[in-house]
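Right, one structure below, let's go through it.
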Amino acid sequence: MAEHTGRDAPVAITGIGLVTPAGIGVTANWERLLSGRPTAQRDPALAGLPVDISCRVPGFDANALLGRSTAWRLDRVSQLALVAAQEALSDAGLDPDRWDGTRVGVVMGNALGGTASYEDAHTAYHQEGPDQVSPLVMVNWPVNMISGYLAMHCRALGPNLVVATACASGVTAIGTARHMLQSGMCDIVLAGASEAPLSPTPMAAYHRMGALSRRTEDPAGASRPFDADRGGFVAAEAAAVLVLEREQDATARGGTVRALVAGFGASADGHHASAPDPAGAGVERALRSALADADVAPETVDHVNAHGTSTKLNDLMESQLINRVLAGRPSVTSTKGVTGHALGAAGAIEVAYTALTVEHGLVPPTANLDKLDPQIDLDVVSGAPRAQRVETATSHSFGFGGQNAVLVLQKAGTR
Amino acid sequence: MSTFVPPTFEILSQVLEEKFGVLRDDIKPDTVLEDIELDSLALIEVALTLQKQLGVVIPTEDLNSSGTVSDLFDLVNTAAGNA
């Protein structure tokens, strides 16, 4: 299959799996996104914290979805990833029992690892002593295990890695996977991201940073990207897995091309540990390099799935970036109004949503956008979905540490 | 004060089934532990669980995934005798 390689070889999304606060499965996710109904609510597991709201995957029963003998061994971050991978493979019409696993890679993104596993072990250590620490923490806390477990359960025996670029991890993973297909390293890559951050310690720390919305009396209204009254993000758990193949290979085997991953750009701000560079120089380089990689003119971009975290700093900086670079006044949405911010997984679920937007010609609305920030001049879709033929879209992700990643997606058949 | 109740094979079976997802039909005295996916790491987790539920301390160096369910039960009983 490797004859279709090369840096210009189009790469296709042929399968999507989603496990997010908007639901389990692509259909549930898409319906919830189009409804514009937020998913944030009070979280009993965070009771007693100054910010006790989050976005959790509704009805996620790992024992039922994975089997008890598998589920008990895995941190939630790997459970979410495995369920998403199962759907993605089924959607792609691929059967791991029938593929050459040595040609199948896995690239997942993640920021925090198995937070619950670490917290439990830490508590056991301090309350009961070192002999009560489970050895399984060392195969659940480290970030690499997410891709390791996907390899074991999906017989994906090619290159296997987890990338960590904070909230850009999902986009970095998909961009990296695209290069691995273009170089001929793999014929199929399971690419995406997973995050299960809703443990007390990381949530306390995000609050202490001032990053979280404090709108605890109104959880549903707390994640409000681009709104004048936004005040921080709502943390979420989620996973998305995409099946990526070179377009020619996908077509040859009769696979369905949901969208094309046409370009990838990445950069570092080199500015601050958590604040975006207000001048946006780093994010602009990421966006421009993604557009150049896709060989598309900036003014032809007709839709943006924004990073749009609902923080004061990001949304203003990102709006200026879009105005500065994308002269065609694209429609903009931030799906985080519905899903909250799934940190390292956010980029992957948003690439999946962007692919669905391109495929269906429907832009999901940004939830809770009651009054656009007067400092922001964007065509933000709100209230109801907008029917729009989208040929070229960008999906932005910007991480703490100043790590930025942008993907360009295009409609199947445009390259 | 609660009275210590010696663990029975049934109690061990319940733990293996409910916490570790082992199928009840696979829990037989001569079943090899690694054949039911109870490898060395998993067995330490089993021992920690039994310690919490039954109050028995099983030395981790005695755990052996090449052993059988019956061997594990003997370890539990020995530990209970020492409790």
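The values are calculated or read from the model by the stated rules, or taken from the named source; none is laboratory data. Everything numeric in this text was worked out from a predicted model, so none of it was measured. Ideal geometry is used to build each Cβ from the backbone, glycine not excepted, and the neighbour counts take in all protein chains shown.
Odds and ends about this structure:
- Within the range A:275-306, tally of residues that are part of a loop (DSSP other than H, G, I, E, B) and either free of Cβ contacts under 8 Å to residues at least 24 places away in the same chain or touching a Gly at 6+ places or on another chain (Cβ under 8 Å) (or both): 8
- Counting residues in the range A:27-37 that are under 30 Å from A:L369 (Cβ atoms), part of a loop (DSSP other than H, G, I, E, B) and in contact (Cβ under 8 Å) with a residue 12 or more places away in the chain gives one or more.
- Count of the range A:164-184 residues which are surrounded by fewer than 24 Cβ atoms within 10 Å (Cβ to Cβ) and closer than 13 Å to A:F264 by Cα: 4
- Residues in the range A:92-112 that are in contact with a helix residue (DSSP H, G or I) (Cβ under 7 Å, 6 or more places away or on another chain) and assigned to a loop (DSSP other than H, G, I, E, B) were compared, and the one that is nearest to A:V162 (Cα to Cα) is A:N110.
- All of (1) closer than 19 Å to A:R73 by Cβ; (2) at pLDDT below 95; (3) within 11 Å of the chain's Cα centre (by Cα) hold for B:E10 with one exception: (1).
- Considering the conditions (1) touching a His at 6+ places or on another chain (Cβ under 7 Å); (2) modelled with pLDDT of 95 or more, A:A250 is excluded by exactly one of them, (1).
- Pair list, Cβ under 6 Å, 6 or more apart: the range A:170-184 residue in the same structural domain as A:L18 (by TED's automatic domain parsing), other residue charged (D, E, K, R): A:L181/A:R246; A:Q182/A:R7
- Being crowded, with 24+ Cβ neighbours inside 10 Å and outside the structural domain of A:L356 (by TED's automatic domain parsing) is a description that does not apply to A:S35.
- Filter result for the condition that a residue is among the hydrophobic types (A, V, I, L, M, F, W, C), within 14 Å of chain A (Cβ to nearest Cβ) and under 28 Å from A:D120 (Cα atoms), over B:L75, B:L23, B:L12: B:L23
- Within the range A:39-51, residues that are in the same structural domain as A:H207 (by TED's automatic domain parsing) reach partners that are among the basic types (K, R) with beta carbons closer than 7 Å, at six or more positions or on different chains, in the pairs A:D43/A:R56; A:V51/A:R214.
- Filter result for the condition that a residue is at pLDDT below 95 and of a type in the set (A, V, I, L, M), over A:L356, A:L313, A:L326: A:L313
- Looking only at the range A:69-93, and only at residues there that are away from every other protein chain (no Cβ under 14 Å) and among the polar types (S, T, N, Q), the one that is farthest from the chain's Cα centre (by Cα): A:S90
- Criterion (in a strand (DSSP E or B) and closer than 17 Å to A:A92 by Cβ) met by exactly one of A:A191, A:A177: A:A191
- Going through (1) touching a residue at least 24 places away in the same chain (Cβ under 8 Å); (2) among the polar types (S, T, N, Q); (3) in a helix (DSSP H, G or I) one by one, B:S65 falls short only on (3).
- For the range A:126-140, the candidate set comprises residues that are aliphatic (A, V, I, L, M) and closer than 14 Å to A:W72 by Cβ; within that set, the residue that is farthest from the other protein chains (Cβ to nearest Cβ) is A:V137.
- Scanning the range A:240-259 for residues that are buried (at least 24 other Cβ atoms within 10 Å of the Cβ) and more than 16 Å from A:V338 (Cβ to Cβ) returns A:V241, A:L242, A:V243, A:L244, A:E245, A:R246, A:A250, A:R258, A:A259.
- Output for the range A:50-98, where each listed residue is of a type in the set (V, I, T) and closer than 30 Å to A:G210 by Cα: A:V51, A:I53, A:V57, A:V77
- None of A:T39, A:T14 is at pLDDT 95 or above, polar (S, T, N, Q) and over 18 Å from A:S223 (Cβ atoms) except A:T14.
- Condition check for A:A327: in contact (Cβ under 8 Å) with a residue 40 or more places away in the chain and either in contact with a strand residue (DSSP E or B) (Cβ under 6 Å, 6 or more places away or on another chain) or of a type in the set (A, V, I, L, M) (or both): no
- Evaluated against (1) over 30 Å from A:P200 (Cβ atoms); (2) buried (at least 24 other Cβ atoms within 10 Å of the Cβ); (3) of a type in the set (A, V, I, L, M, F, W, C), A:A297 falls short on exactly one condition, (2).
- Checked against the criterion of being out of contact with any Cys (no Cβ under 8 Å at 6 or more places or on another chain), over 18 Å from A:Q132 (Cβ atoms), within 14 Å of chain A (Cβ to nearest Cβ) and not in a helix (DSSP H, G or I), the range B:42-62 contains not a single residue that satisfies it.
- Meets criteria (without any contact (Cβ under 8 Å) to a residue 24 or more places away in the chain, surrounded by fewer than 19 Cβ atoms within 10 Å (Cβ to Cβ) and either under 23 Å from A:R258 (Cβ atoms) or away from chain B (no Cβ under 14 Å) (or both)) for A:R103: no
- Subset of the range A:38-61 [surrounded by 13 or more Cβ atoms within 10 Å (Cβ to Cβ) and over 20 Å from A:P200 (Cβ atoms)]: A:P38, A:T39, A:P58
- Only one of the numbered conditions (1) under 13 Å from the mean Cα position of the chain (by Cα); (2) more than 27 Å from A:E128 (Cα to Cα); (3) part of a helix (DSSP H, G or I) is violated by B:K28, and that is (3).
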